[in-house]
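Quick notes on the structure that follows.
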Amino acid sequence: MDYHLSPDKSNSEEQSTYPQLSLNQSEEKVWQDFTRGSNTALSFIYRKYADSLFNYGMQFADEDAVYDAIQDLFYDLIRNRHKLGEAKNIKSYLYASLRRKILKSRIKHKNELSQSTVEDKMAFKMAVSHEDPLPLLNVNTEDLQLLQKACNQLPEKQREAIILHFYEKMPYEELARILKVGKVKSARALVYRAVENLRTMLDGHRDELIIVLIGFFSFRQF
Amino acid sequence: MRYEDYTALDFIQDDFFIKWVLHEDEEAGLFWKKWMEINPHKREELLVAKEFINRVSYEKPLSMPEKDFTRIHENLIRFSDQHAIREQGRWNIRVSVISWSVAASVLIFVFSMLIFIKRENTPTAEVAIEMQSIITPKAGRRPVKLPDGTMVKLNGNSKINFPREFKSDYREIWLEGEAFFEVVSDSTKPFIIRSEDFTVEVVGTSFNYRAIGSEHQKKVAVVSGKVKVKSPGLEPLLLTPDLMAVYDSKTKGLVAMKFDVKSVTSWKDGILYFNRMPLRAVFNQLENWYDVHIEVSPEISLKDIYSGEYQNETLQNVLYGIGYTSGFDYSINGKQVTIYKNGNE
C-alpha cells in the first residue's frame, strides 16, 4: 500500500513548502492504518513530521535531547496505537507531546546543564533578514537592527507563539494545546501581546517603519 | 474596530485575514480581494501584513542529519514489530462445524467478518514443516495456544493440527471437531482453518467454526458482527449476528437462517444447553460430553422434547434433572448408562 510517500528527505524543495495544517482525507486514512498496526503508515507519519519536529525541538534543547524526545514520542504512539482515537490533528498532537517531553527532560537534567548552554539556547531567537523584497519602501540597516532587538526582547513564550501561529500555521486551538495555556483565548492573547509589544517598542518611529520592518524579520535558531 | 481602521499589525491578528493568507480559504480570498478593491488606500497595509505572515519562517530550516533520521526510523520499525507481537488485539473467533447425521452435506456459516470458503480442500504444497497435533477424547475439553498467540478452546472429540511456527504469509491450521478461537489479529497474515471438505479463511473478527469429520453434514457456524459470506461461484451473503449461512451442497445454494447462539457456543463455558431438543439429541450430546455410552429402553420416546441448562454438573445431576421432567430413571455403571421408564427396573 502506497501513500505517496514524500520524496527524498534531501529534497530541498520539499523543505520550503509550508507544512499543511489540517488533516485531509488521505491523512485520516494513514492515521487509521497506523492505529491498526501498519508500519507503512508509521513510516509515512515519521517521514512527514520528523524534520519539522526536529526544527521545533532544537529551539529549546540540544541535538541529543531532541533525538531522544522524538524517538520516545513515537515509541509512545506505537505502544498505544490501538487505543488512539481519530486524529483530530496529528501535527499539533506531536508538537504538544514533543514539547512536554523536552521540557520534562530539561528539568531532569537541569543540574547537568552548564550556565553557558542555558544562555546560548535562547529559544526562538529571531534574526532579521537582510534581504529586501519590497524595494518600494526605504529600509536601512539600523532599522533592521532595531527590529531584531525588539523581537528578541519579547518573552520566549511570545516568540514561540508567533512562530507556531504564523510559520507552523497552528490555529489558536492548537496553539493552546501545544503551549498548554488552557484556554484558546489565552493563546490568542499571547500573539496579540507579542504584536502589541513590538508596536510599543518601535513606537516613536515612523509607522511605516514598523509595518515594513516587521515584514522583514525571520526567526533563526541556534 | 472596523477593517477600515486596521493597521497591518491588526490584520495579522485577524482570524479571517489569516484564513485567507495562511490557509488559502477560497471564501476568505474572495472577500479580501473585493475589500481591497473597495478600499484601495488600505491596500498597502494589507499587502504588508500578508507579506509579514508569509515571510515568517526559519531562516535556515533545520533538518535532521541523514544518519540520525535513518537510525531513529529503524528503531521505530523494530519497536513496532516487537510490540506487535506482544500487544496485538484479539479477535473472538468461534468456529463450529457440525455434522448432522443426515445424508446431505450442509455447511452453515455465521460470520463476523469476511470469510472465504473453498469447497474442495486444495492440497497445499508439501513442505517439511514441523507440525503439532492435539487430540481430545470425548469429554476432554482443553485449551491450546497457537504459535502466534491465538488461544483455542478445543472441545472434546476433536483434533487440531498446526505448525510449530507460522512462517509463511498466512496462518494455517487443520481442525476436525469443534473449537472456539480467540485469534490474534494480524491483517498481514490471514488465519486459515482447513478441514476435510472445505477451507475457511478469516480475514477479520469473530466467528464460530466446527467441523466433525466422520458425519455427513457439515455446519460452519460463526458469530457476532456483520459479515459477508463468499463462496466460489455463489452470490455473497451479508449476515448479522444470530444468522447463519447455510450452504447446501446438493442444491449448491447459500441461504441465511436464524440460529440459537447459545446452543452453538455455550460448551466453551462448560455449559450444557438444551433448547427444545429431542431426547435422542440430548443423549447424544451427553455421550460426547461425559464420554459414556447410553442405552435407552424402548419405552422411552426419543422424540420427546427437552429444554434445560446445566453448568459444570455431574452426569448424575444432569440425568436426574432431565429424568425428573421427562419421566425416566437411570443407572450408571462405569461408562455404561441405562435409561428406563419410571417405576420399572
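Count of the stretch B:8-25 residues, restricted to those that are part of a helix (DSSP H, G or I) and open to solvent by 50 Å² or more (accessible area, probe 1.4 Å), is 3. Please go through the stretch A:26-72 and give me each residue that is within 20 Å of B:ASP81 (Cα to Cα) and polar (S, T, N, Q), ordered by number. Hits for the stretch A:26-72 are A:GLN32, A:THR35, A:SER38, A:ASN39, A:THR40, A:SER43, A:GLN71.
Could you check the stretch B:15-54 and list, in sequence order, the residues that are of a type in the set (A, V, I, L, M) and free of Cβ contacts under 8 Å to residues at least 24 places away in the same chain?
Filtering the stretch B:15-54 down to residues of a type in the set (A, V, I, L, M) leaves B:18, B:21-22, B:28, B:30, B:36, B:38, B:46-49, B:53.
Once the filter is applied, which keeps residues that are of a type in the set (A, V, I, L, M) and free of Cβ contacts under 8 Å to residues at least 24 places away in the same chain, the stretch B:15-54 yields B:ALA28, B:LEU30, B:MET36, B:ILE38, B:LEU47.
The conditions of being at pLDDT below 50 and buried (at least 17 other Cβ atoms within 10 Å of the Cβ) are met by B:SER112. Please find, within the stretch A:32-54, the residue that is nearest to the other protein chains (Cβ to nearest Cβ) out of those that are among the charged types (D, E, K, R) and part of a helix (DSSP H, G or I). So the residue we want is A:ASP51.
Could you tell me whether any residue of the stretch A:163-176 is modelled with pLDDT of 65 or more, over 23 Å from B:VAL21 (Cβ atoms) and more than 11 Å from chain B (Cβ to nearest Cβ)? Walk me through it before giving the result.
Applying the first criterion (modelled with pLDDT of 65 or more) to the stretch A:163-176 yields A:163-176.
Within this subset, residues satisfying the condition of being over 23 Å from B:VAL21 (Cβ atoms) are none.
No.
Inspect the stretch A:75-90 for any residue being touching a helix residue (DSSP H, G or I) at 6+ places or on another chain (Cβ under 6 Å), at pLDDT 85 or above and either more than 10 Å from every other protein chain (Cβ to nearest Cβ) or under 20 Å from A:GLU160 (Cα atoms) (or both) and give the result as yes or no. Within the stretch A:75-90, none of the residues are touching a helix residue (DSSP H, G or I) at 6+ places or on another chain (Cβ under 6 Å), at pLDDT 85 or above and either more than 10 Å from every other protein chain (Cβ to nearest Cβ) or under 20 Å from A:GLU160 (Cα atoms) (or both).
Okay, residues lined up against (1) assigned to a strand (DSSP E or B); (2) open to solvent by 60 Å² or more (accessible area, probe 1.4 Å); (3) under 11 Å from B:LEU279 (Cβ atoms):
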{"position": "B:PRO298", "(1), (2), (3)": "no, yes, no"}
{"position": "B:SER307", "(1), (2), (3)": "yes, yes, no"}
{"position": "B:ASN317", "(1), (2), (3)": "no, yes, no"}
{"position": "B:GLY321", "(1), (2), (3)": "no, no, no"}
{"position": "B:TYR324", "(1), (2), (3)": "no, yes, no"}
{"position": "B:VAL337", "(1), (2), (3)": "yes, no, no"}
{"position": "B:TYR340", "(1), (2), (3)": "yes, no, no"}
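Identify all residues within the stretch B:31-73 that are in a helix (DSSP H, G or I), at pLDDT 85 or above and within 53 Å of the chain's Cα centre (by Cα); write none if there are none. Listed by number, the residues that qualify are B:GLU66, B:LYS67, B:ASP68, B:PHE69, B:THR70, B:ARG71, B:ILE72, B:HIS73.
In the stretch B:130-146, the qualifying residues are those that are open to solvent by less than 70 Å² (accessible area, probe 1.4 Å) and under 18 Å from the mean Cα position of the chain (by Cα), and the one that is farthest from B:PRO190 (Cα to Cα) is B:VAL144.
Only a single item in (1) open to solvent by less than 10 Å² (accessible area, probe 1.4 Å); (2) closer than 18 Å to B:ILE77 by Cβ; (3) under 15 Å from the mean Cα position of the chain (by Cα) is not met by A:LYS48, and it is number (1).
The values are calculated or read from the model by the stated rules, or taken from the named source; none is laboratory data. Keep in mind it's a predicted model, so treat the numbers as computed, not measured. As a convention, Cβ positions derive from the backbone with ideal geometry for all residues, glycine included, and neighbour counts pool all protein chains shown. When the accessible area is computed, the model is the full protein with side chains, heavy atoms only, and any ligands, DNA or RNA have been set aside. Shrake-Rupley method; radii C 1.70, N 1.55, O 1.52, S 1.80 Å.
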